[in-house]
Amino acid sequence: MIVQLRNVRVAFPAIFQPQAFGDNKPAYGAKLIVDPASPNVAAIREAIAAAAKEKWGAKADGIVKQLMEDKKSAWVEGPYKNKNGDVYDGFDGNFFLSTRSEKLRPTALDRQGQPVTEADHLIEGGCYVHASVDIYVQDSPKWGRRINAVLRGVKFYADGERFGGSSAASADEFGADDEEDFV
């Protein structure tokens, strides 16, 4: 089920290059931080319910509930924590949708809808985007049941405090060189 999310915050982006996290193969995606009071929550829940109902019929609600309890869902109604149980920056008090695809590189656009690249340093951890995601359920003998999400594309919406501290220096920071700088 394709869902359009508005004004969500990006964390751990692998938009332009696939990245490997833990033991997983390199993949594209990101964690999308969602304000629990936003309309995005209802849109995500509705997409999960529709995908589950299509796959499992009358059993869908019970299966989804169990998958959420077993942490086999890309949608988490709580903060993202590290192995020590500490909440990552930006996740406290929020929900998140974890997106991943080994094959599909998401579209990345600026506010005017023009394509951007990694070199533009526009879509980075901490910024806000509008996102197109595909939420689906899996039920396979090899991998079991899960609720998954693929990031199809992002459109830059607004700057936010960058995760990970620093950003690249701009040319303006250096000013012009004087002859005495080279003596």
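Per the Cauchy relation, a quarter of the hull surface: what is the mean projected area of the convex hull of the alpha carbons in the stretch 18-76, in nm²?
Reported value for the Cα convex hull: 5.2 nm².
Apply the Karplus parameterisation 6.51 cos²θ - 1.76 cosθ + 1.60, with θ equal to phi minus 60°, to every residue of the stretch 148-159 and state each ³J(HN,Hα) to the nearest whole Hz, in sequence, with x for glycine and proline.
10, 9, 10, 7, 8, x, 9, 10, 3, 10, 7, 5
Could you work out the percent of alpha carbon pairs in the stretch 83-127 separated by over 17 Å, rounded to a whole number?
For the stretch 83-127, the fraction of Cα-Cα distances above 17 Å is 54 percent.
Once amide H atoms are built 1.01 Å from N in the peptide plane, which residues 5 or more positions from residue 160, or in another chain, come under 5 Å H to H?
Residues meeting the amide H criterion: 127, 128.
Out of all DSSP beta bridges with both ends in the chain, state the antiparallel percent to the nearest 5.
Beta bridges within the chain, antiparallel portion: roughly 90 percent.
Can you compute the helix-only [θ] at 222 nm over the chain? Use -39500 (n - 2.57) per DSSP H run of at least 4 residues, normalise by all residues, nearest 500 deg cm²/dmol.
Helices in the chain give a 222 nm mean residue ellipticity of -4500 deg cm²/dmol.
In whole Hz, what ³J(HN,Hα) sequence does the stretch 113-121 give by Karplus (6.51, -1.76, 1.60; θ = phi - 60°), x for Gly and Pro?
Each residue's phi maps through the Karplus curve to give x, 8, x, 10, 10, 4, 5, 6, 6 Hz.
Tell me which residues come under 5 Å, amide H to amide H, from residue 107 once H is placed; ignore anything under 5 positions away on its chain.
When sequence neighbours closer than 5 places are left aside, the close amide H contacts are 153, 154.
Tabulate in residue order the Karplus-calculated ³J(HN,Hα) for the stretch 124-141, using 6.51 cos²θ - 1.76 cosθ + 1.60 with θ = phi - 60°, rounded to whole Hz; enter x for Gly and Pro.
In residue order, the calculated couplings are 9, x, x, 7, 10, 9, 9, 10, 10, 10, 10, 9, 9, 10, 10, 8, 10, x Hz.
Candidates (i) 36, 17, 16; (ii) 86, 16, 10; (iii) 43, 20, 11; which is the computed semi-axes √(5λ) of the Cα gyration tensor in Å?
(i)
Laboratory data are not the source of any read-out in this text; all were calculated from the coordinates shown. All of these numbers come straight from a predicted model, not from anything done at the bench.
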